[in-house]
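Okay, structure first, notes after.
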Amino acid sequence: MAYVKGTHNVICDRTGFERKRCECEYEWTGALVLKEEWEERQPQDFVRAVPDGKPVKDLRPEGEDVFVGLYGQPVTIEDL
């Protein structure tokens, strides 16, 4: 390591190499890495979900299940 005035030696958190502090930068993760190893934060980390629309007007309860038997006659669950 050559002497560089005003800087000190650090160890890269990713590679483990010893370098001068002026050759390193902090990532968004807080890791001190070489400038060549520095990675930008993924843009997908900043995507916000779109809220759902308004609720359905005049919502009605679900009706009872009706099954069709032989010859088109309705059959309920109690008949089974």
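Nothing in this text is a laboratory measurement; each read-out follows from the coordinates by a stated rule. Computed from a predicted model, the values in this text were never measured in an experiment. Here the Cβ is made from the backbone with ideal geometry for all residues, glycine too, and neighbour counts use every protein chain on show.
Let me make sure I get this right: for the range 10-52, a, b and c are the square roots of the gyration tensor eigenvalues over alpha carbons, sorted descending. Under 1.5 in a/c it's rounded, otherwise prolate if a/b > b/c, else oblate. Which is it?
Numbers: a/c = 4.35, a/b = 4.00, b/c = 1.09.
In terms of gyration-tensor shape, prolate.
Annotation: Cα Rg of the chain relative to the compact-globule expectation 2.2 N^0.38 Å equals 2.83.
For the chain, the relative contact order is 15 percent, taking Cα pairs closer than 8 Å that sit 6 or more residues apart in sequence and dividing their mean separation by the residue count. Cβ crowding within 10 Å ranks ARG21, ARG41 as ARG41, ARG21, fewest other Cβ atoms first. Model label sites at GLN44 and TRP28, defined 7 Å from Cα along the beta-carbon direction, differ in position by 1.3 nm.
Of VAL47, VAL33, VAL68, the residue with the greatest mean-square motion in the GNM of the chain, using alpha carbon springs below 10 Å, is VAL68.
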